[in-house]
Amino acid sequence: MRIRVLNRDMIKYLAMFTMLLNHIANIFLEPGTVLFAALVDIGYFTAPVMCWFLVEGYHYTHSKIMYAIRLAVFALLSEVPFCLAFSEAYTGERIISFCGFNMIFTLFLCFCILLIREKVPDFSVKVLLYICLFFISAFSDWALLAPAFTLLFAWGRGDMGRTKKAFAAAAGLFVLSDFAFGDSLYSTVYNLACAVASALGVAAAGFVIIYMYNGQRIRKGEKFSKWFFYLFYPIHLLILGIIRLIL
């Protein structure tokens, strides 16, 4: 049964909120606690949602060049706030250090993957370019997974059966990834259980997109919503980074 009550912007606002919870946990909370795990796992809702709407936006945008430039500009603007927010959590550096490229940069790579998928006819060249972009993504947020999600969702777009399979595969990939990097101090069963729990955010994203998304945009304030999603990312990271330094 489908309950089509959420438009694109509502789902994106929800994704921004879950991302905020994830970032608060990673920056301020002690790893290993129940609250930390809960907020981090809730935040895993965000990346598949953003990859899904990137695929949607790619097919509906009036200018792919402007879309790519916009992603590149905001990736650049977000890098310092990203490193300021996560330096201590990721590298142990008190003030700021490079701790990888930010999520908007990853989305830019995903956009390039969609361009290659559409524009490059030669299969061998296409695969080689995919490998290069996947390799670059290894140095960014949601490494490897976001590009994989993007290809899955592009494959599933327009077909409900394939869309369900794409989200199921995305959740499975996330379980494998999380399990592979599980803490060696704990048992295999425990690490597997944690990996499955962490994939619930990805599964929730699939449920919302498949059963609750009505395919519409917000009726009022469309321009505000468009720029809010771009501006929220660097601004909230900058604020969290400053709070981290103060505390």
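Each reported figure results from applying straightforward, stated rules to the coordinates on display, with no laboratory input. Since this is a predicted model, take the numbers as computed values, not measurements. Neighbour counts run over all protein chains shown; Cβ positions are idealised from the backbone, glycine included.
Quick one: is T106 under 24 Å from C132 (Cα atoms) and among the β-branched types (V, I, T)? Yes. Number of residues in segment 69-105 that are over 18 Å from the mean Cα position of the chain (by Cα), assigned to a loop (DSSP other than H, G, I, E, B) and closer than 18 Å to A25 by Cβ: the value is 1.
In contact (Cβ under 8 Å) with a residue 12 or more places away in the chain, over 23 Å from Y213 (Cα atoms) and out of contact with any helix residue (DSSP H, G or I) (no Cβ under 7 Å at 6 or more places or on another chain), is that true of S63? Considered against the rule, which asks whether it is in contact (Cβ under 8 Å) with a residue 12 or more places away in the chain, over 23 Å from Y213 (Cα atoms) and out of contact with any helix residue (DSSP H, G or I) (no Cβ under 7 Å at 6 or more places or on another chain), S63 comes out as no. Residues considered: S198, S225. Of these, the only one that is buried (at least 17 other Cβ atoms within 10 Å of the Cβ), in contact with a Lys or Arg (Cβ under 9 Å, 6 or more places away or on another chain) and of a type outside the set (V, I, T) is S225.
Only one entry in F28, F74, F53 is surrounded by 14 or more Cβ atoms within 10 Å (Cβ to Cβ), farther than 18 Å from T18 by Cα and in contact (Cβ under 8 Å) with a residue 12 or more places away in the chain, namely F74. Taken over segment 106-163, the criterion of being in contact (Cβ under 8 Å) with a residue 60 or more places away in the chain, outside any helix (DSSP H, G or I) and more than 26 Å from L77 (Cα to Cα) is satisfied by R157 alone. Of the helices (runs of 4 or more DSSP H) lying entirely inside segment 183-247, the ones with 2 or more residues being without any contact (Cβ under 8 Å) to a residue 12 or more places away in the chain and over 21 Å from A89 (Cβ atoms) are found at 188-198, 222-246.
Conditions (1) closer than 28 Å to G92 by Cα; (2) of a type outside the set (G, A, S); (3) surrounded by fewer than 21 Cβ atoms within 10 Å (Cβ to Cβ), marked per residue:
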| position | (1), (2), (3) |
| --- | --- |
| N7 | no, yes, yes |
| L39 | yes, yes, yes |
| Y44 | yes, yes, no |
| M66 | no, yes, yes |
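Of all residues assigned to segment 178-188, none qualifies as being among the β-branched types (V, I, T) and surrounded by 14 or more Cβ atoms within 10 Å (Cβ to Cβ).
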